[in-house]
1. FRET efficiency for Ala183 and Met131, Cβ-Cβ distance as r, R0 = 25 Å, nearest 0.05?
2. Can you list the lysines whose alpha carbon sits under 16 Å from that of Lys50, skipping same-chain ones fewer than 8 residues off?
3. Per the helix-only calculation at 222 nm, which mean residue ellipticity applies to the chain, given -39500 (n - 2.57) for every DSSP H run of n ≥ 4 and division by its residues, nearest 500 deg cm²/dmol?
4. Please list, in chain and number order, the residues 5+ apart from Phe141 or on another chain whose amide H is under 5 Å from its amide H, with Hs placed from the backbone.
5. Antiparallel DSSP bridges in the chain: what percent, to the nearest 5?
6. In nm, to one decimal, how far is the modelled label at Asp159 from the one at Phe72, with both set 7 Å along Cα→Cβ?
7. Roughly how many debye, to the nearest 20, is the charge dipole of the stretch 1-82 about its Cα centre, given +1 on each Lys and Arg Cβ, -1 on each Asp and Glu Cβ, and no other charges?
8. For Ile59, list long-range residues whose amide hydrogen, built 1.01 Å from N in the peptide plane, is under 5 Å from its own amide hydrogen.
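The values are calculated or read from the model by the stated rules, or taken from the named source; none is laboratory data. This structure is a prediction, so every number in the text was calculated from the model and none was measured. Note that each Cβ is placed from the backbone with ideal geometry, even for glycine, and that neighbours are counted across all protein chains shown. Side chains included, ligands, DNA and RNA excluded: accessible areas come from the protein's heavy atoms. Shrake-Rupley method; radii C 1.70, N 1.55, O 1.52, S 1.80 Å.
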Amino acid sequence: MKKVILLGDSIRLSYGNRVRELLGEGYTVWQPEDNCRFAAYTLRMLFDYKVQLEGADVIHFNCGLWDMCDLFGDGPFTPLEVYAEQMVRIAKILKTYAPGGAVIFATTTPPSPKMWGHDLDRVRAYNAAAMAALEPLGVLFDDLFTPVAEDIDRMISEDYLHASPYGVEILANRVADCIKTNA
């Protein structure tokens, strides 16, 4: 039985239960009921989740939409450099909880261009910075940005930020395939 952990913000909340269904027998899947929000919040919660995370075969995680949001027009909540540093801290801790397991970073999905406070180029920059910082650590990547960016109108819901039912199915299948490949 493979132990799988799903960590992340509300994007993960949308596809997490479907991933569990798609993985089926042979996998136990744990994910927090809570939205992991900002990278700093996720980092903090790794302490509380330690028992659930230890011994995982695969930890699939994402953070980003909260970090890169610019609600006030004065810059994102988490500066790019700080975000990249936090991704490294998160990955290092996850690797200690799952020695020999796969740690996979899922790129942040793009919101609709109609979504205030967000910008596609900022999402690209944060994804690139996270990947550049995580690659030397041996973290694997699951590109969730590209399939959403290729069809934002169908993939993103009417709230301009979260996955539509169609998008949830596409993302869940992608995540489940990535986990099966790396378990």
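1. Details: r = 21 Å, r/R0 = 0.85.
The value I calculate is 0.70.
2. Lys3, Lys92, Lys95
3. Working: 8 runs with 88 residues, N = 183.
Calculated mean residue ellipticity at 222 nm is -14500 deg cm²/dmol.
4. Phe105
5. Working: 1 of 16 bridges.
Among the beta bridges of the chain, antiparallel pairing accounts for roughly 5 percent.
6. Roughly 2.4 nm, to one decimal.
7. Numbers: 8 positive and 12 negative charges, 62 e Å.
Computed charge dipole of the stretch 1-82: roughly 300 debye.
8. Under 5 Å from the amide H of Ile59: Ile5, Ala102, Val103, Ile104.
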